[in-house]
Amino acid sequence: MRDWLKKCCDEHRSCPKRSDHLLPTIVINVGSLANEPRLVIPENQLGQWASLSHCWGGEIALKTKMSSIDRHCHKISLENFPPTFRDAILITRSLGLRYLWIDALCILQDSHRHWETQAARMDYIYEHATVTLAAEASPDSLAGIVGSTKDHRETQSLLPTTWCQSKTRSVCGEIRFRDDLASQIKRRSRGVLSSRAWTLQEEILSPCILRFSTQQVVWRCPTIILDEWHPQQELKTRLTGRPQFCQPLYNRLLAEASLTHSATLMRGCEAQRTAWF
């Protein structure tokens with residue numbers, strides 16, 4: 001995964017260059033083996049971060065509130081993170097990034113004013129994230145990113161064909177075929193996360209995504225799509241690299257934006273409509 005990110009940053013001309021941006025209002029310093037994670041409230045500080053796209057799936061045990069923010073800024077023991085968040089911390093570390101943005105921890109959950117302010121900045125947070133971690137197979141914060149991916153793995157199916165032998169070389173064997181790369185990725189890279197209208201804006205806005213699906217890990221950027229079965233076999237991304245979504249899901253997002261009067265959602269809807277419809 002780190003190689004995919006490096007390749008994108010170093011070689012893809014049409015992809016955003018890995019550079020520092022103003023950090024979100026609150027971010028998680030993911031720490032290290034020697035240092036526990038903690039919240040950071042930067043003031044005009046530049047840096048790079050990963051963002052997490054996930055399903056809440058009900059109540060989340062670990063959230064930041066006005067009564068807990070000071071404690072969270074001191075430290076948050078890694079063992080206290082729910083599995084999905086803990087996996088996101090470890091993945092961010094493995095990618096060589098220092099900061100991570102998770103809505104449940106980086107937005108004060110009992111402050112309506114703070115929620116409104118941060119919701120209006122959602123486009124900036126996901127658009128300027130170095131990478132978005134999409135917990136595609138995780139229905140909630142307890143399922144974990146890695147665990148929910150491993151639990152649903154299938155063996156790759158190969159269809160045997162006729163016995164073949166080279167006329168010019170002493171090589172023989174059975175040729176086997178499988179589905180083309182594009183259809184495999186489309187079929188195996190989607191899960192519960194893609195069924196949520198709210199998370200559509202996060203995918204639209206994110207230039208680079210690491211998607212942890214039920215079957216495999218998929219990298220998608222404006223230039224290519226890669227997966228762990230084909231880590232070197234590049235599938236060129238169509239249009240701007242952001243996948244097209246079905247009209248019903250777009251309509252659900254538009255309806256939700258209208259009901260909540262969310263400026264961020266409306267901008268996401270407009271970007272979707274302008275680019276693809």
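Given the structure, is LEU95 closer than 21 Å to ASP3 by Cα and in contact with a helix residue (DSSP H, G or I) (Cβ under 7 Å, 6 or more places away or on another chain)? Yes, satisfied. Taken over the stretch 57-82, the criterion of being touching a residue at least 60 places away in the same chain (Cβ under 8 Å) and either among the β-branched types (Val, Ile, Thr) or in contact with a Leu (Cβ under 6 Å, 6 or more places away or on another chain) (or both) is satisfied by ILE60, PRO82. For the stretch 25-48, enumerate the residues that are more than 13 Å from LEU105 (Cβ to Cβ), of a type in the set (A, V, I, L, M, F, W, C) and in contact (Cβ under 8 Å) with a residue 12 or more places away in the chain. Residue satisfying the conditions is LEU46 alone. Looking at the stretch 47-63, which of the residues that are part of a strand (DSSP E or B) and hydrophobic (A, V, I, L, M, F, W, C) is nearest to ILE102 (Cα to Cα)? That would be LEU52.
Does ILE125 count as buried (at least 22 other Cβ atoms within 10 Å of the Cβ), within 22 Å of CYS8 (Cβ to Cβ) and hydrophobic (A, V, I, L, M, F, W, C)? Considered against the rule, which asks whether it is buried (at least 22 other Cβ atoms within 10 Å of the Cβ), within 22 Å of CYS8 (Cβ to Cβ) and hydrophobic (A, V, I, L, M, F, W, C), ILE125 comes out as yes.
A quick yes/no check of all residues on (1) part of a helix (DSSP H, G or I); (2) at positive phi; (3) of a type in the set (Ser, Thr, Tyr):
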site	(1), (2), (3)
LEU5	yes, no, no
ASP10	yes, no, no
PRO16	no, no, no
PRO24	no, no, no
ILE28	no, no, no
SER32	no, no, yes
PRO42	no, no, no
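Looking at ALA61, is it more than 16 Å from ALA129 (Cβ to Cβ) and loosely packed, with under 15 Cβ neighbours inside 10 Å? Taking the combined requirement at face value, the residue satisfies it.
Let's see how each residue does on (1) closer than 23 Å to TRP115 by Cβ; (2) buried (at least 20 other Cβ atoms within 10 Å of the Cβ):
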| position | (1), (2) |
| --- | --- |
| ASP3 | no, no |
| CYS8 | no, yes |
| LEU22 | yes, no |
| ILE41 | yes, no |
| SER68 | yes, no |
| LEU78 | no, no |
| ASP87 | no, yes |
| ARG98 | no, no |
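If the condition is being at pLDDT 80 or above and polar (S, T, N, Q), then the stretch 215-236 contributes GLN216, THR223.
The values are calculated or read from the model by the stated rules, or taken from the named source; none is laboratory data. Just so it is clear, the model here is predicted, and its values are computed rather than measured. Positions of Cβ are generated from backbone atoms using ideal geometry, with glycine treated the same way; all protein chains shown enter the neighbour counts.
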